[in-house]
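Report on the following structure.
Every number here is computed from the coordinates shown, using simple stated rules; none is lab data. Please read these numbers as outputs of a predicted model, since none were measured by experiment. Glycine also receives a Cβ, built like all others from the backbone with ideal geometry; neighbour counts cover every protein chain displayed.
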Amino acid sequence: MWELRLGDEIDDYCVKCRRLTNHLVVSLVDGKAAKVRCRSCYSDHDYRNEQAPPSKKELAKQKELFDAVLAGIAPAGIEPETPLEGDLAAEMEATPEPEAAPDPPAPAKKKKR
């Protein structure tokens, strides 16, 4: 493959146009395109390697699968196997919770003349 230079034309997915369009290389990092400018709408964005972002439908499916895996690992409603015993339980019950700080006073209202 040839070496990229500033101003070269490459194809990339444009976020504003929502399609694959021609782009100009605006900046390079280690010989690879970092930022590009769409030749249709002239917006600058990171180079996306010609890949469109996932759709909302795909993201919902991934979340559903992830939740199913989590449900299989640790089902809800299971309590720890070893409850607190002896001195530790008594110490935790005897420890008072810190008191909440009082609310600051409300600012005074100014009178209209």
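Listing for the model above:
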read-out	value
Charge dipole (debye, nearest 20) of the stretch 1-70; +1 at Cβ of Lys and Arg, -1 at Cβ of Asp and Glu	360
Amide H within-cut-off set for Ser43, under 5 Å, with H built and near neighbours excluded	Cys38
